[in-house]
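Take a look at the structure set out below.
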Amino acid sequence: MPRRAITTVPFAAAVLAVSALSGGCYMRGGPWYSGNAPLTYVSTAMSPKTISVIDTRTGETVWSLDVPVDTKLVLQFEEDRQPGTPMPAKLSWRVFDDRGQLFGAMHDSIPAPPATARRIDMSVRSASVAETTGG
């Protein structure tokens with residue numbers, strides 16, 4: 001193996017590991033640390049998920065999604081996007097195919113309550129015949 005190839009493989013592996021741990025990788029179970037990292041919810045035929053963001057000041061559901069089976073939902077909050085407003089944070093999200101897609105930009109966003117006034121609820125809904133059979 002040429003000398004250049006030997007040094008390139010470890011470098012590429014190190015870059016991949018750093019990007020996976022930096023919050024840019026959407027893997028099952030999340031990034032394994034707390035903070036402002038993306039949150040990942042996987043919906044399967046045995047455990048189809050519904051995710052809701054609740055404003056704990058009012059009890060209002062500000063956003064909710066029935067995550068389709070065999071996909072994963074990635075949520076990302078950015079704090080202090082609009083300081084001094086009731087919804088100063090920004091919630092960005094995207095539904096990804098769960099067959100190995102680990103990276104990608106968020107496509108949708110809305111204003112969200114601050115971290116001190118929001119709760120994320122996850123519920124498991126009953127799987128319908130249409131979801132599990134594709135029809």
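The values are calculated or read from the model by the stated rules, or taken from the named source; none is laboratory data. Computed from a prediction, not measured in an experiment: that's the story for all the values here. Cβ: placed from backbone, ideal geometry, glycine included. Neighbour counts: every protein chain shown. Surface areas here come from the heavy atoms of the whole protein model, side chains and all, with no ligands, DNA or RNA. Shrake-Rupley method; radii C 1.70, N 1.55, O 1.52, S 1.80 Å.
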Open item on the list: Take the residues in segment 51-75 that are within 15 Å of S92 (Cα to Cα) and among the hydroxyl-bearing types (S, T, Y); name whichever of them is least open to solvent (accessible area, probe 1.4 Å).
Closed with: S52
Open item on the list: So for segment 124-134 (the condition being modelled with pLDDT of 95 or more and either of a type outside the set (A, V, I, L, M, F, W, C) or open to solvent by less than 60 Å² (accessible area, probe 1.4 Å) (or both)), does at least one residue qualify?
Closed with: no
- [ ] May I ask you to list the residues in segment 76-93 that are surrounded by 15 or more Cβ atoms within 10 Å (Cβ to Cβ), in a strand (DSSP E or B) and over 11 Å from the mean Cα position of the chain (by Cα)?
- [x] A89, K90
TODO: Report the residue count in segment 49-75 for those that are part of a loop (DSSP other than H, G, I, E, B) and charged (D, E, K, R).
DONE: 2
TODO: Kindly indicate whether R99 is among the basic types (K, R), closer than 17 Å to V42 by Cβ and either open to solvent by 30 Å² or more (accessible area, probe 1.4 Å) or at pLDDT 95 or above (or both).
DONE: yes
